[in-house]
């Protein structure tokens, strides 16, 4: 993604991302579905519940149609299977960025 001109920030966990000052400045989130302690779907739900509407792309090595359907119903932008096709991922990121700036939590 950096080679394509995007600014990228990597976090060791969903909890680390949630406590970072970058949450309100994130234009697109790419997260794995299966992460320790918090799934990508749970991360997305926590963000929405706290007022942070960030276009989210979930990726997984273990595709599950039921989980995909639920994630998309909950507002996840894309649910992609690994190995990722670079062109598909780039298209998803561009779609996320077209949605505009992230909405910050109201004060």
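Give me the distance between the Cα centres of the stretch 54-96 and the stretch 4-46, rounded to whole Å. With the stretch 54-96 and the stretch 4-46 each reduced to a Cα centre, they are spaced 14 Å. Rounded to two decimals, the Cα-based Rg/Rh of the stretch 25-73, with Kirkwood Rh, is 0.95.
Summarising the label geometry, the points placed 7 Å from Cα in the beta-carbon direction at residue 86 and residue 99 lie 2.5 nm from one another. Sketch the reach of a paramagnetic label on residue 73 as a point 7 Å from Cα along Cα-to-Cβ, and name the residues of the stretch 28-55 whose backbone nitrogen lies under 20 Å away. Answer for the stretch 28-55: 33-34, 39-49. Recomputing P(r) over Cα pairs in 10 Å bins from 0, in percent from the coordinates shown identifies the correct label among (i) 16, 52, 29, 3, 0; (ii) 14, 50, 33, 3, 0; (iii) 14, 36, 38, 11, 1 as (ii). Based on the alpha-carbon gyration tensor of the stretch 1-40 and its eigenvalue square roots a ≥ b ≥ c, which shape applies: rounded if a/c is under 1.5, prolate if not and a/b is larger than b/c, or oblate? Taking the square roots of the gyration eigenvalues as a ≥ b ≥ c, the stretch 1-40 is oblate.
Any read-out appearing in this document is the output of simple, stated calculations on the displayed coordinates, not a laboratory observation. Note that the structure is a prediction, hence the values are computed from the model and not measured. Here Cβ is always computed from backbone atoms with ideal geometry, including for glycine, and neighbour counts include all displayed protein chains.
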